[in-house]
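J.: One structure coming up, written as structure tokens, with questions to follow.
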Amino acid sequence: MTTLDFNESSPAQQIISASSLTINLPHSPGRYYRHGWQSWSLAAWTDLHPLPVQKPSILHPMQIDPLYAREPRPHGSWVGAVAFDDGKTLLLGSLGLDAHVFLDGTKLEGSCESGESEWLIAYGDERTVFSDYAAGLAQRFGPKTDRPAPRIWCSWYSLYTAIDEKLLYRTFDGLADLPFDVLQVDDGWQVSIGDWEANSKFPSGMKALADRIKSTGRKAGLWLAPLIAARSSKLFRRHHDWFVRDERGHFVSAGFNWGVQLYALDVTNPEALGWLSALMKQVRAWGFDYLKLDFLYAGALPGRRFAGIPREAAYRQGLKVLREAMGSDAYFLACGMPVIPSLGLCDAMRIGADVSAEWENERDSRLLYNLAIPGTKNAIRTTVNRLWLRSLVQPDPDVAYFRSRECSLNAEQKSLLQDLALVCGFKATSDLPQWLDAAERQNLRLFLENKPKVKQISPNVFQVDERVVDFGPALALPETPEGLNAIQASLMGWLANHGWALKINDMLEKTALEKIKKAL
Ligand code: 9PG
């Protein structure tokens, strides 16, 4: 345990090796920078009050680092920072894996789950200390890959799982004259989560689908979640021993989605690794050159693995195997991934929650205080608070919307999301051609063709060509529920914690989707 006293005359930057580290601050800071564990987990500057425990807890393994779900102190993964009233920032960031930072009164504490790591302590202007940390990480994990981000049409945020071969072919035809580089097929093509083969909605098979995309002059993109499996999948039923268990021998939950319980693949099991490699090679052989690998956090969840190595080291080894098997010429977008252990192994990273066709859902944000769940405000908040990562990896802020059909975002909200895409240099949409009127389609075309000059003015303000874009107002956190609202919040949290309630929710969403699909 290393202890340091921090004061104005401390060096602007130092690196210390320790398993745990305490920095005594001269007085209480005004704000704390919380950095969430994986893509969807909240990153934000907050005051020093505890945040409500995010609900429902059944989703903790899928949305945050479950080990710290109930930690009342301001805290975050790998890095934390405090801002003093004079505007100066003190950052404490690990250059290793599985580290956590807490603020305990006037003590800023860093601790490693296993072994020790190097810690960067940087003091000064907010942007400078974060870019110092990014530079340290680049040295440790490798620099940003130099390939430009493609312009992507992705099937998720319009058709969700309701995709089928015919509908996709029709959609691709409708996109023919728009300048996309990649047409990416998202969730909905596979037999099951774990069984990555074409389902009955894709009777011509996956190679035919990739061929069809490539015949339009674009690259073919595919979504997979290779590190999780549904209980009912063949993969899980046949290979119980490939999945992570807890101390009592029970399977570790990797969350609950699609109305089903998810489990985590043990990425240190040699047979599971062999299967993962073969899967990546299969997908490349089908002809997909852009891979969106999702729900990757499962590789780093706490639990017992074949090789008794620390969870995030296990994950990083697994990710290396995936990367090698897919080949360095594939464009690899990581999603739902623990952030720091993924650096240097992927081309792009999702750095925020999913967007949605809605700005903010009252139930999710105010009652459940779930800021990791899909919603455009959640996506913008966390992405903007993670933009310091852009010197290390291509950030993906998720798709932008241009349509008014099936979308309740107003013009200002849509523009903010489009501007965030321009700032990140990662342009994607899921809008269906038949949903866009002439003006919206023109807007989308201009967006795809636009290569604006982007300059950062302050942490949340950017100049995009001649325009000044301020993301600040979108970053506010919801108020915490009090009085009657708090009672309603507990009830809602209790209800949402039941698999059957989530299953019903999932079924309702599917029915709504089928209606939308029929109207196409
Ligand atoms: C496909 C989707 C899309 C999307 C991914 C991921 O916290 N959550 O409840 C949660 C659910 C789904 C999710 C993200 C978070 O979406 O980010 O782009 O590919 O999977 O199922």
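The values are calculated or read from the model by the stated rules, or taken from the named source; none is laboratory data. Source: prediction; values computed, not measured. Note: ideal-geometry Cβ built from the backbone for every residue, glycine included; neighbour counts use all protein chains shown.
J.: Scan region 197-206 and tell me whether some residue there is part of a helix (DSSP H, G or I), assigned by TED's automatic domain parsing to the domain that holds Tyr157, crowded, with 21+ Cβ neighbours inside 10 Å and not hydroxyl-bearing (Ser, Thr, Tyr).
T.: yes
J.: Which condition breaks for Glu8 when tested against (1) over 22 Å from Gly299 (Cα atoms); (2) surrounded by 15 or more Cβ atoms within 10 Å (Cβ to Cβ)?
T.: (2)
J.: Tally time: how many residues in region 76-101 are in contact with a His (Cβ under 9 Å, 6 or more places away or on another chain), surrounded by fewer than 20 Cβ atoms within 10 Å (Cβ to Cβ) and in a strand (DSSP E or B)?
T.: Final tally of qualifying residues: 0.
J.: Hey, can you tell me all the residues within region 473-497 that are closer than 20 Å to Leu51 by Cα, within 26 Å of the chain's Cα centre (by Cα) and part of a helix (DSSP H, G or I)?
T.: Result: Pro473, Ala474, Leu475, Ala489, Met492, Gly493, Trp494, Ala496.
J.: Moving to a separate point now. Consider Met1 against the criteria (1) of a type outside the set (S, T, N, Q); (2) touching a residue at least 24 places away in the same chain (Cβ under 8 Å); (3) surrounded by fewer than 17 Cβ atoms within 10 Å (Cβ to Cβ): it satisfies all of them except one. Which criterion is unmet?
T.: The single condition Met1 does not satisfy is (2).
J.: Tell me which residues, restricted to region 147-177, are of a type in the set (Lys, Arg), over 18 Å from Leu436 (Cβ atoms) and in contact (Cβ under 8 Å) with a residue 24 or more places away in the chain.
T.: So the first thing to find is which residues in region 147-177 are of a type in the set (Lys, Arg), and the list is 147, 151, 166, 170.
Filter once more, keeping what is over 18 Å from Leu436 (Cβ atoms): 147, 166.
Arg147 - this is the single residue of region 147-177 that is of a type in the set (Lys, Arg), over 18 Å from Leu436 (Cβ atoms) and in contact (Cβ under 8 Å) with a residue 24 or more places away in the chain.
J.: For region 127-149, state whether one or more residues are under 29 Å from Phe243 (Cα atoms) and within 16 Å of the ligand (Cβ to nearest atom). Talk me through it step by step, then tell me what you get.
T.: Here is the first cut: in region 127-149, the residues under 29 Å from Phe243 (Cα atoms) are 141.
So of that shortlist, the ones also within 16 Å of the ligand (Cβ to nearest atom) come out as none.
No: region 127-149 contains no residue that is under 29 Å from Phe243 (Cα atoms) and within 16 Å of the ligand (Cβ to nearest atom).
J.: May I pose another question? Tally the residues that are within 16 Å of the ligand (Cβ to nearest atom) and in a helix (DSSP H, G or I), restricting the search to region 60-75. It would help to see each step written out before you state the result.
T.: We begin by selecting, within region 60-75, every residue within 16 Å of the ligand (Cβ to nearest atom); these are 60-66, 69.
Narrowing the set further to residues that are in a helix (DSSP H, G or I) leaves 60-63, 66.
The number of residues fulfilling the criteria is 5.
J.: Sticking with this one: Out of Ala330, Ala264, Ala272, Ala314, which single residue is touching a His at 6+ places or on another chain (Cβ under 8 Å) and in contact (Cβ under 8 Å) with a residue 24 or more places away in the chain?
T.: Numbers: Ala330 fails: touching a His at 6+ places or on another chain (Cβ under 8 Å); Ala264 fails: touching a His at 6+ places or on another chain (Cβ under 8 Å); Ala314 fails: touching a His at 6+ places or on another chain (Cβ under 8 Å).
Result: Ala272 is the single residue among Ala330, Ala264, Ala272, Ala314 that is touching a His at 6+ places or on another chain (Cβ under 8 Å) and in contact (Cβ under 8 Å) with a residue 24 or more places away in the chain.
J.: Across region 347-370, which residue is nearest to Glu479 (Cα to Cα) among those that are of a type in the set (A, V, I, L, M, F, W, C) and near the ligand (Cβ under 10 Å from one of its atoms)?
T.: Of all residues in region 347-370, those of a type in the set (A, V, I, L, M, F, W, C) come to 348-349, 351, 353, 355, 357, 359, 367-368.
If we keep only those that are near the ligand (Cβ under 10 Å from one of its atoms) as well, we get 353, 355.
Working: Ala353: 19, Val355: 21 Å.
Across region 347-370, the extreme among qualifying residues is Ala353.
J.: A follow-up question, please. With the requirement that a residue be within 16 Å of the ligand (Cβ to nearest atom) and out of contact with any helix residue (DSSP H, G or I) (no Cβ under 7 Å at 6 or more places or on another chain), what does region 231-257 give you?
T.: Here is the first cut: in region 231-257, the ones within 16 Å of the ligand (Cβ to nearest atom) are 233, 253-257.
Across region 231-257, the qualifying residue is only Ser233.
J.: Okay, moving on. Restricting attention to region 433-470, and to residues there that are in contact with a Leu (Cβ under 7 Å, 6 or more places away or on another chain) and assigned to a loop (DSSP other than H, G, I, E, B), which single residue is surrounded by the fewest Cβ atoms within 10 Å (Cβ to Cβ)? Spell out the reasoning first.
T.: Initial filter on region 433-470 (in contact with a Leu (Cβ under 7 Å, 6 or more places away or on another chain)): 433-434, 436, 444-445, 448, 450, 452, 454, 460, 464.
Now narrow it down to the ones that are assigned to a loop (DSSP other than H, G, I, E, B): 436, 450, 452, 460.
Working: Leu436: 21, Asn450: 13, Pro452: 15, Asn460: 17.
Across region 433-470, the extreme among qualifying residues is Asn450.
J.: Look through region 376-406, keep the residues that are farther than 18 Å from Met337 by Cα and within 16 Å of the ligand (Cβ to nearest atom), and return whichever of them is farthest from the chain's Cα centre (by Cα).
T.: My answer is Tyr401.
J.: In contact (Cβ under 8 Å) with a residue 40 or more places away in the chain, more than 21 Å from the chain's Cα centre (by Cα) and farther than 26 Å from Gly344 by Cβ: which single residue out of Leu59, Leu108, Leu91, Leu120 fits that description?
T.: Numbers: Leu59 fails: more than 21 Å from the chain's Cα centre (by Cα); Leu91 fails: farther than 26 Å from Gly344 by Cβ; Leu120 fails: farther than 26 Å from Gly344 by Cβ.
Result of the check over Leu59, Leu108, Leu91, Leu120: Leu108.
J.: For region 180-230: of the residues being β-branched (Val, Ile, Thr) and modelled with pLDDT of 95 or more, which is farthest from the ligand (Cβ to nearest atom)? Outline the logic, then answer.
T.: As a first pass, look at region 180-230 and keep what is β-branched (Val, Ile, Thr): 182, 185, 191, 193, 213, 216, 228.
Then keep just the ones that are modelled with pLDDT of 95 or more; that gives 182, 185, 191, 193, 213, 228.
Numbers: Val182: 14, Val185: 10, Val191: 15, Ile193: 9, Ile213: 17, Ile228: 11 Å.
Once the filter is applied, the top-ranked residue is Ile213.
Okay, residues lined up against (1) more than 25 Å from Arg316 (Cα to Cα); (2) away from the ligand (no atom under 16 Å from the Cβ):
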{"position": "Gly36", "(1), (2)": "no, no"}
{"position": "Thr46", "(1), (2)": "yes, yes"}
{"position": "Leu51", "(1), (2)": "yes, yes"}
{"position": "Val79", "(1), (2)": "no, yes"}
{"position": "Gly96", "(1), (2)": "no, yes"}
{"position": "Leu108", "(1), (2)": "yes, yes"}
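J.: In region 258-296, what count of residues is obtained for those that are more than 16 Å from the ligand (Cβ to nearest atom), of a type in the set (Phe, Trp, Tyr) and surrounded by 24 or more Cβ atoms within 10 Å (Cβ to Cβ)? So that I can check it myself, show each step before the final result.
T.: First pass over region 258-296, keeping only residues more than 16 Å from the ligand (Cβ to nearest atom): 263, 265-282, 284-287, 289.
Adding the requirement that they be of a type in the set (Phe, Trp, Tyr) leaves 263, 275, 286.
Still in the list and also surrounded by 24 or more Cβ atoms within 10 Å (Cβ to Cβ): 263.
Selection size over region 258-296: 1.
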